[in-house]
Amino acid sequence: MSSQNTQTKDSQNKKSEQNKKLLLLIMIILPFLTWYAVFNNKTTTLQEYDKYMKKAENFAKKEIYIDAVYNYQQALKLDTSNYDLMLKIFDSYVQLADDDGIEKTYEQAQALDPSRSDIYVRYINHLIDTNAYDDAVEVITTAREKSSGKEIDELYEKIYRLYKETFLDYDYAYLYCKGYMKVTNGENGDRVGLIKTNGSGVLRAKYHDVGLYSEEKEVIPVCDENDTWYYVNSSGQKKLVPDHEYSYLGSFTADYAPALYKGKYGYVNEDFEEKNFEYDFAGSFEDGIAAVRKHDKWGIINDKLEMVTDFEFDDIIINDFGICSEGGYFFASKGGKYALYNSKGRQVGSESFENAKMFVCDEPAAVKQNGKWGFVDTDGKIVIKPQYEDANSFCLDFAPIQQGEFWGYIDGSGKIITDIENDKFSAAYSLDTNGYSVIYNDFDMPKLLRFYGADLKDK
């Protein structure tokens, strides 16, 4: 019995030893098998990747881009973090003019590595080539936030100088002020309307004259075909109608609007209560002041209709909406020379000028000295010396200037940013705060000019 137990025990021990050896062998072989499987899989994947890439490159060489994209995409599935492969896919989509594919691949590459400039450069160049300037502004802004490099800087400068011309369906467009401009049609320009400076309509051109839209009162002064003045809303419906006829009604840029009655100017409120009808001219208010004239002398009043200055000026520069001030500054002349004044009627700086254009915003205004036009800032200092045949004031770092026969635009450093010789603008006007201007060229028809650098100024 004892001998049998001993044999059984020896058999169990022997079997255990065999199991241990087998386990040890498995432990030795398993990593090798795993490595082999991984290696074999990688080899297979690499072979498939190379196969797709070879096909894709061959299709691209033959300009069969739709098949090139398919094979590039198959290769990308095998190597999802391959940024350079995404660039190849992007380039193929550009050749196919596939906007959805272009945008999707841009977003994919940008998400993978937002610091690399390659995809930004490719996408921005594509947007510029397809005149998608608004999108180019957005992408260059993102690129400068997340990436850098010479090409990014060069593209920024390129976009900064981009502009687009659009014909306006009017005979004449002029008089920028607070985002609006007058437009005219008709043989004698006798049909006048009001549009926003982005070209969208407010009042169609059917009136003899129109004034400036009041954001607060929500009315516009108009003179109809019967030479009758009243106020309408932005839909052209009558809103404020006086009990007797006025020869002129101005804009409600404050609680009072200028009006002309029986040969004298004064002011009216919304109820047409009349105040101070004693002037030979009365302008609209801006920055709390307005220009008024008695006989041949000009003065400044405040929006309470109180005199700020005496009638001491020979002239005050106003625009065609009757406004003299922008940012609290105006130009006025004494003894044949113009100077800059603040809203309290005090001269700013010591410079004098032969002529001047109103400030459009808080950037330099055009002034004339010694027969040439330059620019002065709100401190009364010359910032660009007089050198041009004519000029209009700066806004959003751009200003129109005339060199020789034609007009172009400069930036704040004085660098010319438009092609004066080839554009051949016969007239050009200041930008408004939305980046729009009006120009004329050989066709003698107004065009809306859109500067995309204006969008970059605040970004």
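Could you please tell me which pairs satisfy a Cβ distance under 7 Å, a separation of 6+ or placement on different chains, a first residue in the range 307-325 that is more than 16 Å from TYR279 (Cβ to Cβ) and in contact (Cβ under 8 Å) with a residue 12 or more places away in the chain, and a second residue that is among the β-branched types (Val, Ile, Thr) and buried (at least 23 other Cβ atoms within 10 Å of the Cβ)? Listed by first residue and then by second, the contacts come to SER325/ILE289.
On the stretch given as the range 273-302, residues that are outside any strand (DSSP E or B) and buried (at least 17 other Cβ atoms within 10 Å of the Cβ) total 4.
Taken across the range 370-380, residues that are without any contact (Cβ under 8 Å) to a residue 24 or more places away in the chain, closer than 24 Å to ASN441 by Cβ, under 27 Å from the mean Cα position of the chain (by Cα) and outside any loop (DSSP other than H, G, I, E, B) do not occur at all.
Residues in the range 353-364 that are buried (at least 18 other Cβ atoms within 10 Å of the Cβ) and under 20 Å from PHE313 (Cα atoms): PHE353, ALA356, LYS357, MET358, PHE359.
Go through the range 203-229 and give me each residue that's touching a Cys at 6+ places or on another chain (Cβ under 8 Å) and over 14 Å from LYS239 (Cα atoms). Result: TYR207, HIS208, ASP209, VAL210, LEU212. Only a single criterion out of (1) under 21 Å from the mean Cα position of the chain (by Cα); (2) more than 23 Å from PHE330 (Cβ to Cβ); (3) free of Cβ contacts under 8 Å to residues at least 60 places away in the same chain is not satisfied by ILE401, namely (2).
Each row is one residue, and each column tells you yes or no for (1) of a type in the set (A, V, I, L, M, F, W, C); (2) within 23 Å of THR130 (Cβ to Cβ); (3) modelled with pLDDT of 95 or more; (4) in a helix (DSSP H, G or I).
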| site | (1), (2), (3), (4) |
| --- | --- |
| GLU48 | no, no, no, yes |
| PHE59 | yes, no, yes, yes |
| ASP91 | no, yes, yes, yes |
| TYR106 | no, yes, yes, yes |
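In summary, GLU363 fulfils each of the numbered conditions (1) touching a Leu at 6+ places or on another chain (Cβ under 8 Å); (2) more than 28 Å from ASP455 (Cα to Cα); (3) not basic (Lys, Arg) with the single exception of condition (2). Condition (residue is modelled with pLDDT of 95 or more and under 20 Å from ILE318 (Cα atoms)) applied to the range 221-234: is it met by at least one residue? Checked against the condition, which is being modelled with pLDDT of 95 or more and under 20 Å from ILE318 (Cα atoms), the range 221-234 yields at least one hit. The condition (being of a type in the set (A, V, I, L, M), out of contact with any His (no Cβ under 8 Å at 6 or more places or on another chain), surrounded by fewer than 16 Cβ atoms within 10 Å (Cβ to Cβ) and within 24 Å of ALA290 (Cα to Cα)) is satisfied by just one residue among VAL219, VAL210, VAL232, VAL241: VAL241.
Of the residues making up the range 418-447, just one is surrounded by fewer than 19 Cβ atoms within 10 Å (Cβ to Cβ), within 14 Å of MET181 (Cβ to Cβ) and small (Gly, Ala, Ser), namely ALA427.
Among the conditions (1) crowded, with 16+ Cβ neighbours inside 10 Å; (2) touching a residue at least 24 places away in the same chain (Cβ under 8 Å), the only one that GLU270 does not satisfy is (1). Only residues that are buried (at least 16 other Cβ atoms within 10 Å of the Cβ), in a loop (DSSP other than H, G, I, E, B) and out of contact with any Pro (no Cβ under 9 Å at 6 or more places or on another chain): list them for the range 381-417, please. Selection gives LEU396, ASP397, ILE417.
Can we say ASP129 is surrounded by 15 or more Cβ atoms within 10 Å (Cβ to Cβ), free of Cβ contacts under 8 Å to residues at least 24 places away in the same chain and of a type in the set (D, E, K, R)? The answer is no for ASP129. Does the range 173-195 contain any residue that is assigned to a loop (DSSP other than H, G, I, E, B), at pLDDT 90 or above, closer than 24 Å to ILE318 by Cβ and not hydrophobic (A, V, I, L, M, F, W, C)? No: zero hits.
Which ones in the range 195-225 are in contact with a Leu (Cβ under 7 Å, 6 or more places away or on another chain) and over 14 Å from LEU249 (Cβ atoms)? Selection gives GLY199, VAL202, LEU203.
Return a yes/no flag: does the range 99-108 have any residue that is more than 26 Å from the chain's Cα centre (by Cα), crowded, with 16+ Cβ neighbours inside 10 Å and touching a residue at least 24 places away in the same chain (Cβ under 8 Å). Looking for residues that are more than 26 Å from the chain's Cα centre (by Cα), crowded, with 16+ Cβ neighbours inside 10 Å and touching a residue at least 24 places away in the same chain (Cβ under 8 Å), one finds at least one in the range 99-108, hence yes. Here ILE152 fulfils each of the conditions (1) surrounded by fewer than 16 Cβ atoms within 10 Å (Cβ to Cβ); (2) hydrophobic (A, V, I, L, M, F, W, C); (3) over 30 Å from ASP224 (Cα atoms) apart from (1). Each residue in the range 209-252 was checked for being among the aliphatic types (A, V, I, L, M), part of a loop (DSSP other than H, G, I, E, B) and without any contact (Cβ under 8 Å) to a residue 24 or more places away in the chain, and 1 pass. Residue count for the range 406-444 satisfying the condition of being of a type in the set (Gly, Ala, Ser), modelled with pLDDT of 90 or more and farther than 19 Å from ASP169 by Cα: 5. ASP255 meets the conditions (1) outside any loop (DSSP other than H, G, I, E, B); (2) under 34 Å from the mean Cα position of the chain (by Cα); (3) not β-branched (Val, Ile, Thr) in every case but one. The failed one is (1). If you go through the range 249-263 and keep only what is surrounded by fewer than 17 Cβ atoms within 10 Å (Cβ to Cβ) and at negative phi, you end up with just ASP255.
The values are calculated or read from the model by the stated rules, or taken from the named source; none is laboratory data. Note that the coordinates shown come from a computational prediction; the quantities given were computed from them, not determined experimentally. Note that each Cβ is placed from the backbone with ideal geometry, even for glycine, and that neighbours are counted across all protein chains shown.
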